[in-house]
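Here's the structure, in structure tokens; my notes come after.
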Amino acid sequence: MTQKRALVCGAGGFIAYHLVKRLKDEGYWVRGADIKEPLFGATHADDFLVADLTQVENAIKALALPDNEPFDEVYQLAANMGGMGFISTHASEIMRDSSLINLHILEQARKTGAKKILFTSSACIYPEHNQKDPENPKCAEETAYPAAPDTEYGWEKIYAERLYQAFAKDYGMDTRVVRLHNVFGPLGTWQGGREKAPAALCRKVAEAQDGGTVEVWGRGDQTRSFLYIDECIEGIRRVMNGPAGLPVLNLGSEENIPINELTQMIAEIANKRIEIKNVEGPEGVRGRTSDNFLLQEKLGWQPSQSLKDGLKKLYPWIQQQVALRAIARGLFVNRQTTPQK
Ligand code: NAD
């Protein structure tokens with residue numbers, strides 16, 4: 001059997017890093033592409049293109065193989081994105097960059113005859129009015145319309161979903177779309193402003209003293225569900241391997257938790273007593289969780305790992321990053337303050 005070839009866009013980022021590793025473990029030849037170098041300078045990919053995919057000439061390079069044959073599978077994960085703090089303040093660059101990437105990669109996939117292409121959409125496409133009750137958010141796939149996402153990030157994603165569906169309808173392409181719900185795990189962004197709630201809260205707990213205070217954005221009773229990275233990758237692979245013509249599917253956890261409770265769960269894992277101080281900050285919708293009915297029906301599978309089990313793997317990694325950062329800062333400060341002879 002000939003080796004399958006996959007292109008993973010956004011391979012310098014969190015989810016795509018893990019996806020590349022999984023594809024390599026399965027025996028694929030993989031090209032990664034990203035505007036930045038792979039995470040920690042390491043990748044499992046056979047070939048890595050560092051290029052801005054908003055530029056059409058780079059999308060052409062990404063899809064071109066030396067033998068002019070098409071890719072068997074393309075995974076389009078590249079996006080200008082981050083947590084609530086980032087997406088609520090960078091609307092125009094998110095819409096511009098991500099829509100250009102989506103359009104160029106899809107068009108080059110069409111022109112080169114890529115056999116399948118999967119796009120990662122987001123739970124952020126769901127209408128705000130269905131997510132006002134933290135205890136009972138409605139996020140079944142069909143509730144996406146009439147569309148009314150609460151962020152421009154969500155509007156770009158719903159536009160891109162329709163773009164991929166239109167190419168499937170008009171050009172007969174095999175396109176697949178998953179709506180990811182808050183993915184977390186080691187190697188995700190944990191500082192700098194683009195990090196999401198689990199990583200940000202693990203960092204804050206790791207930085208806090210035992211008995212100290214941890215600041216949490218918003219009222220703290222807003223709810224979310226979180227999907228551990230391994231199950232996200234399993235789901236992406238299952239969607240890619242599933243039958244052609246699948247509808248857009250949610251891929252998330254149904255374990256919904258208020259953000260203050262999530263913070264206390266992390267503190268328990270860290271073995272620290274903490275006080276939560278709810279402060280003003282972008283809170284997003286009041287409640288959001290995955291609804292996996294359709295995923296289960298179409299693929300006979302859905303994520304099942306508990307949030308706590310996932311956090312038990314994430315927290316030690318973040319704690320280690322916080323410790324390494326402290327060492328690096330110490331070295332840097334010492335170098336700056338050592339008097340010159
Ligand atoms: P990430 O930010 O770690 O990865 C995205 C990657 O895209 C980054 O490495 C970034 O450098 C790259 N990128 C940005 N602009 C680019 C450009 N112009 N050219 C080439 N590469 C560019 O994010 P992630 O969490 O790994 O998310 C991957 C995908 O999944 C994204 O499409 C995201 O919208 C989607 N998603 C993620 C989550 C989540 O919880 N992490 C939830 C819903 C949807």
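The values are calculated or read from the model by the stated rules, or taken from the named source; none is laboratory data. Note that the coordinates shown come from a computational prediction; the quantities given were computed from them, not determined experimentally. Cβ: placed from backbone, ideal geometry, glycine included. Neighbour counts: every protein chain shown.
Is it true that Glu231 is surrounded by fewer than 17 Cβ atoms within 10 Å (Cβ to Cβ), at pLDDT 95 or above and not aromatic (Phe, Trp, Tyr)? Break it down into steps so the answer makes sense when it comes.
Details: surrounded by fewer than 17 Cβ atoms within 10 Å (Cβ to Cβ): no; at pLDDT 95 or above: yes; not aromatic (Phe, Trp, Tyr): yes.
So Glu231 fails the test.
Residues to consider are Ala160, Ala168, Ala144; find the one that is more than 15 Å from the ligand (Cβ to nearest atom), modelled with pLDDT of 95 or more and not charged (D, E, K, R).
On the way: Ala160 fails: more than 15 Å from the ligand (Cβ to nearest atom); Ala144 fails: more than 15 Å from the ligand (Cβ to nearest atom).
After ruling out the rest, the residue left standing is Ala168.
Quick one: which residue in Asp210, Asp221 is surrounded by fewer than 16 Cβ atoms within 10 Å (Cβ to Cβ) and more than 29 Å from Asp133 (Cα to Cα)? Quick ask: steps written out before the conclusion?
Values: Asp221 fails: more than 29 Å from Asp133 (Cα to Cα).
The unique qualifying residue is Asp210.
Can you pull out the residues in the stretch 259-268 that are in contact (Cβ under 8 Å) with a residue 24 or more places away in the chain, of a type outside the set (S, T, N, Q) and either surrounded by fewer than 18 Cβ atoms within 10 Å (Cβ to Cβ) or more than 30 Å from Ile236 (Cβ to Cβ) (or both)? Spell out how you get there, then give the answer.
Quick first cut of the stretch 259-268, residues in contact (Cβ under 8 Å) with a residue 24 or more places away in the chain only: 259-260, 262-263, 265-267.
Keeping just the survivors that are of a type outside the set (S, T, N, Q) gives 259, 262, 265-267.
Ala267 - this is the single residue of the stretch 259-268 that is in contact (Cβ under 8 Å) with a residue 24 or more places away in the chain, of a type outside the set (S, T, N, Q) and either surrounded by fewer than 18 Cβ atoms within 10 Å (Cβ to Cβ) or more than 30 Å from Ile236 (Cβ to Cβ) (or both).
The conditions are (1) surrounded by 18 or more Cβ atoms within 10 Å (Cβ to Cβ); (2) more than 9 Å from the ligand (Cβ to nearest atom), and Ala42 fails exactly one of them. Which is it?
(1)
Here is a list: Ala33, Ala78, Ala91. Which entry is within 9 Å of the ligand (Cβ to nearest atom), closer than 25 Å to His181 by Cα and touching a Ser or Thr at 6+ places or on another chain (Cβ under 9 Å)? Even if it seems obvious, please write down each step before you answer.
Numbers: Ala33 fails: touching a Ser or Thr at 6+ places or on another chain (Cβ under 9 Å); Ala91 fails: within 9 Å of the ligand (Cβ to nearest atom).
From the options Ala33, Ala78, Ala91, the qualifying one is Ala78.
Testing Leu201 on (1) surrounded by fewer than 17 Cβ atoms within 10 Å (Cβ to Cβ); (2) within 16 Å of the ligand (Cβ to nearest atom), one condition comes back false. Which one is that?
Failing condition for Leu201: (1).
Output the residues belonging to the stretch 114-141 that are within 15 Å of the ligand (Cβ to nearest atom) and not in a loop (DSSP other than H, G, I, E, B).
Matches in the stretch 114-141: Ile117, Leu118, Phe119, Thr120, Ser121, Ser122, Ala123, Cys124, Ile125, Glu141.
Residue-by-condition table, conditions (1) farther than 20 Å from Pro134 by Cα; (2) part of a helix (DSSP H, G or I); (3) outside the structural domain of Gly218 (by TED's automatic domain parsing); (4) of a type in the set (S, T, N, Q):
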{"site": "Arg273", "(1), (2), (3), (4)": "yes, no, no, no"}
{"site": "Ile276", "(1), (2), (3), (4)": "no, no, no, no"}
{"site": "Pro282", "(1), (2), (3), (4)": "no, no, no, no"}
{"site": "Leu294", "(1), (2), (3), (4)": "yes, yes, yes, no"}
{"site": "Glu297", "(1), (2), (3), (4)": "yes, yes, yes, no"}
{"site": "Trp301", "(1), (2), (3), (4)": "yes, no, yes, no"}
{"site": "Gly310", "(1), (2), (3), (4)": "yes, yes, no, no"}
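Name the single residue that is farthest from Val8 (Cα to Cα) among those in the stretch 94-113 being among the aliphatic types (A, V, I, L, M) and more than 11 Å from the ligand (Cβ to nearest atom). Show your work before the answer.
To start, the set of residues in the stretch 94-113 that are among the aliphatic types (A, V, I, L, M) comprises 94-95, 100-101, 103, 105-106, 109.
Those still in the list that are more than 11 Å from the ligand (Cβ to nearest atom) too: 95, 103, 106, 109.
Details: Met95: 21, Leu103: 15, Leu106: 13, Ala109: 12 Å.
Applying the filter and picking the extreme gives Met95.
Do the conditions hold for Tyr28, that is, is it aromatic (Phe, Trp, Tyr) and either outside the structural domain of Lys157 (by TED's automatic domain parsing) or surrounded by 24 or more Cβ atoms within 10 Å (Cβ to Cβ) (or both)?
Details: aromatic (Phe, Trp, Tyr): yes; either outside the structural domain of Lys157 (by TED's automatic domain parsing) or surrounded by 24 or more Cβ atoms within 10 Å (Cβ to Cβ) (or both): no.
Considered against the rule, which asks whether it is aromatic (Phe, Trp, Tyr) and either outside the structural domain of Lys157 (by TED's automatic domain parsing) or surrounded by 24 or more Cβ atoms within 10 Å (Cβ to Cβ) (or both), Tyr28 comes out as no.
Restricting the search to the stretch 12-30, which residues are free of Cβ contacts under 8 Å to residues at least 60 places away in the same chain and either within 9 Å of the ligand (Cβ to nearest atom) or small (Gly, Ala, Ser) (or both)?
Gly12, Gly27
Out of all the residues in the stretch 97-116, is one or more modelled with pLDDT under 95, surrounded by fewer than 23 Cβ atoms within 10 Å (Cβ to Cβ) and not aromatic (Phe, Trp, Tyr)? Break it down stepwise before answering.
Taking the stretch 97-116 as the starting set, the residues that turn out to be modelled with pLDDT under 95 are none.
No, the stretch 97-116 contains no residue that is modelled with pLDDT under 95, surrounded by fewer than 23 Cβ atoms within 10 Å (Cβ to Cβ) and not aromatic (Phe, Trp, Tyr).
Looking only at the stretch 178-235, how many residues end up being in a loop (DSSP other than H, G, I, E, B) and of a type in the set (Ser, Thr, Tyr)? I'd like the intermediate steps shown before the answer.
From the stretch 178-235, those in a loop (DSSP other than H, G, I, E, B) are 181-182, 185-196, 208-212, 218-222, 225-226; that's our starting set.
From what is left, the residues that are of a type in the set (Ser, Thr, Tyr) are 189, 225.
Going through the stretch 178-235 one residue at a time, the tally reaches 2.
Quickly run through the stretch 236-250 and pick out the residues that are touching a strand residue (DSSP E or B) at 6+ places or on another chain (Cβ under 8 Å) and in a helix (DSSP H, G or I).
Answer for the stretch 236-250, where residues must be touching a strand residue (DSSP E or B) at 6+ places or on another chain (Cβ under 8 Å) and in a helix (DSSP H, G or I): Ile236, Val239, Met240.
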